[in-house]
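Got a structure for you, questions after.
Each reported figure results from applying straightforward, stated rules to the coordinates on display, with no laboratory input. Just so it is clear, the structure is predicted and the values come from calculations on it, not from any experiment. Don't worry about glycine lacking a Cβ; one is built from the backbone with ideal geometry, like all the others, and counts go over all protein chains shown.
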Amino acid sequence: MPATVPTRKDRVISKIVALLSMSVFREVAVHGLADPPTDGPELSLSNHFGGLSDGIVLLHALPRRPGIIARDVIWKIPIAGRLMTWIGGIPVHQPEDGGRSSNDQMFSSCYDALRQGRGLLIFPEGLTRDEPSIGRVKTGAARIALGARATGVDDLVVTPIGIHYEDKAALRSRVVVIGGPPLRLDAEVAAIARGRSVGPDDREVVAELTSRFDIELRRVAPDYVDWREARRLQTAAEVTLRSYPSSNPRVSIGQRDRLANALADRPVEARRDICDAVERYEADLEGLGLDDASFVGRIGTRRLVRKLVVQFLIGMVLLPFAVAGVLLNAIPFLIVKAVGLLRVSPAVLASLKPAVAFLAFGLAWGLEAWAAFRAFGVTGLAAAVILIPTYGIAAIVVLDRAVLAWRLIRRWRATARSRSLDDALDAERAAVVDTVLSS
């Protein structure tokens, strides 16, 4: 089946999502997704830790825009419902939401989309989770896949996807999307059925297929016992990766979480030994006001000055544009920042922040573009459409340079503080790496 060609609407949505992602996240990294993307029908399964942020991240990261299968309660919110319809969302009714709505139309829409060779995205847990683990994977994904197969959809590919947030409640944090090996539905069904015919409502095959999806999703998504284990295993992964093959203080969140996921699959005793070694090492680091990156990446005065000069020159070149960006975007930025102070769960913040950012920045940019049009006509409107986002990006770059410079200064100060305990800290750090490699 030929690959679906991106439409003008796809390109517009991609640009909007890219701008929104750049505003909310400092970095969106992607690992393991098919390149070139899969041709033909594809059902993507993802963990659901970030609410609305999950949809934004995946619309930005996936090679082609999928139709998102989401809870129908979203359509009851006027603006959100219109946006979901515009991007091709498909509503599904959850029993816990009450009422007697049927999902027949949802299944029919999914089958039609897959027959057209499109991609679909589903969060098979059904609910956003604040815990760092996969919840119970429901049967919806398996039923959609088998139903599509029964209606003539051939060569359906099912792709597990894990979303890993550095801090889903924080503004300008990092996120990584990790794709697992695609599953060929026909091969999976053949292995389960062992030659017998399979219908779309075969309970045994639905259960086995759901279990298979559950296993593959846990391999690529965060799946820890609790937050203590999650943080300790992620730290152990960072420490190990900085040690081999070279001592580089910057470890990508993708590298870290892929190794941490592997550590989470180890026996209970091995995980406990790793967590204990990390706790001993971190206790001494915290007493000095350090973290592992600062300890490993200690820098001398000459190197500090050289790096600060580079950051200063970049900042000075972009400063005029950044100032304009701050003035044009200060109010929506402060609104989004204020939302982050609300005392709600991280999952709720992960949904609120991008939604508020979309509305606040969109309204501010619209008013500024309208003012430019009133003052200078079409020329002013065209300039506003181009320059307002450009100035905003310049402000973000300068802010990131300032944060980087501050971190460099902290690392330089940490160098002097840690010299008296170098041997002890080196031994504790080596113990963490040894436990990771030997357990």
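Hey, rough spin-label estimate for SER197 and LEU363, points 7 angstrom out along Cα→Cβ, what's it come to in nanometres?
Reported label-point gap for SER197 and LEU363 is 5.9 nm.
Right, next: Can you compute the label reach from SER438? Point 7 Å from Cα along the Cβ direction, backbone N cut-off under 17 Å, restricted to the stretch 277-311.
277-281
Okay, next question. Taking the Cα centre as origin and putting +1 on Lys and Arg beta-carbons and -1 on Asp and Glu beta-carbons, what dipole magnitude results for the stretch 8-72, to the nearest 20 debye?
Value, rounded to 20: 320 debye.
Which whole-Hz ³J(HN,Hα) couplings does the stretch 208-215 yield from phi under the Karplus relation 6.51 cos²θ - 1.76 cosθ + 1.60, θ = phi - 60°, glycine and proline marked x?
Whole-Hz 3J(HN,Hα) from phi for the stretch 208-215: 5, 5, 5, 4, 5, 4, 4, 4.
For every helix of n ≥ 4 consecutive DSSP H residues, a contribution of -39,500 (n - 2.57) applies; sum these over the chain, divide by its total residues, and give [θ] at 222 nm rounded to the nearest 500 deg cm²/dmol.
Estimated from H runs of four or more residues: -21000 deg cm²/dmol.
If you don't mind, another one. Taking the Cα centre of each part, how many Å lie between the stretch 133-170 and the stretch 424-439?
Measuring centre to centre over Cα atoms gives 38 Å.
If you take the beta carbon distance between ALA338 and GLU204 as r and set R0 to 45 Å, what does 1/(1 + (r/R0)^6) give as a FRET efficiency, to the nearest 0.05?
Approximately 0.30, to the nearest 0.05.
Percent antiparallel among DSSP beta bridges with both residues in the chain, to the nearest 5?
Antiparallel bridges make up about 25 percent of those DSSP assigns within the chain.
How much length is gained on full extension from ARG302 to TRP406, taking 0.36 nm per residue of separation minus their Cα-Cα distance?
Computed gain between ARG302 and TRP406 is 35.8 nm.
Considering only the other residues whose Cβ falls under 12 Å of the Cβ of ASP202, what net charge follows from Lys and Arg at +1 and Asp and Glu at -1?
Result for the neighbourhood of ASP202: +1.
Right, here's the next one. Top mean-square fluctuation among SER23, SER197, SER109, Gaussian network model of the chain, C-alpha springs under 10 Å?
Checking each option, the largest mean-square fluctuation is seen for SER197.
Once amide H atoms are built 1.01 Å from N in the peptide plane, which residues 5 or more positions from LEU43, or in another chain, come under 5 Å H to H?
Here LEU120, VAL157, VAL158, THR159 satisfy the definition.
Considering the dipole of the chain built from charges on the beta carbon (Lys and Arg +1, Asp and Glu -1) around the Cα centre, which of ALA70, VAL436, VAL30 is farthest to its positive end?
Projecting each Cα onto the dipole axis, the largest value belongs to VAL30.
Something else now. What spacing in nm lies between the two simple spin-label points modelled at LEU127 and THR85, each 7 Å away from Cα in the Cβ direction?
Going by the 7 Å Cα→Cβ label model, 2.9 nm.
Roughly how far apart, in whole Å, are the Cα centres of the stretch 367-409 and the stretch 25-97?
Spelled out, the Cα-based centre of one part sits 28 Å from the other.
Mind telling me which of LEU304, LEU114, LEU259 comes out most flexible in a GNM of the chain, alpha-carbon contacts under 10 Å?
Between LEU304, LEU114, LEU259, it is LEU304 that shows the largest mean-square fluctuation.
Along the principal axes of its C-alpha atoms, what lengths does the chain span, in descending order and rounded to whole Å?
Cα extents, longest axis first: 71, 69, 41 Å.
Using +1 at the C-beta of Lys and Arg and -1 at the C-beta of Asp and Glu, which of TRP406, ALA338, VAL385 has the Cα lying farthest in the positive direction of the dipole of the stretch 301-421?
The one lying farthest along the dipole's positive direction is TRP406.
Here's something else I'd like to know. Under a 10 Å cutoff between Cα atoms, tell me which one of THR159, THR128, THR390 has the largest fluctuation in the Gaussian network model of the chain.
THR390
If you don't mind, another one. Calculate, in nm to one decimal, what GLN105 and ARG272 gain on full extension: separation in residues at 0.36 nm each, minus their alpha carbon distance.
55.3 nm
To continue, here is another question. Determine, for the chain, the count of lysine pairs separated by eight or more sequence positions (or lying on different chains) whose alpha-carbon distance falls under 21 Å.
Value for the chain: 5.
Report the charge-dipole magnitude of the chain in Debye, nearest 20, computed about the Cα centre from +1 at each Lys and Arg Cβ and -1 at each Asp and Glu Cβ.
1640
Would you order MET22, MET316 from fewest to most other beta-carbon atoms within 10 Å of each residue's own beta-carbon?
Arranged by neighbour count, lowest to highest, MET22, MET316 become MET316, MET22.
With a sphere of radius 13 Å drawn around the Cβ of ALA427, what net charge do the other residues whose Cβ falls strictly inside it have (Lys, Arg +1; Asp, Glu -1)?
Net of charged neighbours comes to -4.
In debye to the nearest 20, how big a dipole does the stretch 301-421 give about its Cα centre with +1 on each Lys and Arg Cβ and -1 on each Asp and Glu Cβ?
1100
Still on this model: Before anything else, pin down the relative contact order of the stretch 8-220: Cα pairs under 8 Å, at least 6 apart, normalised by residue count, whole percent.
29
Sequence-distant or interchain residues sharing an amide H contact under 5 Å with VAL30, placed H: which?
VAL177
ALA70's amide H: which non-local residues (gap 5+, or another chain) put their own amide H closer than 5 Å, with H modeled 1.01 Å from N in plane and none for Pro or chain starts?
Counting only residues 5 or more places away or on other chains, the set is ILE90, VAL92.
What is the local net charge at LEU59, summed over the other residues whose Cβ is closer than 13 Å to its Cβ (Lys, Arg +1; Asp, Glu -1)?
Taking every other residue near LEU59 into account, the sum is +3.
Using C-alpha positions alone, give me the convex hull volume of the stretch 302-413 per residue in cubic angstrom.
Looking at the stretch 302-413, the number lands at 113 Å³ per residue.
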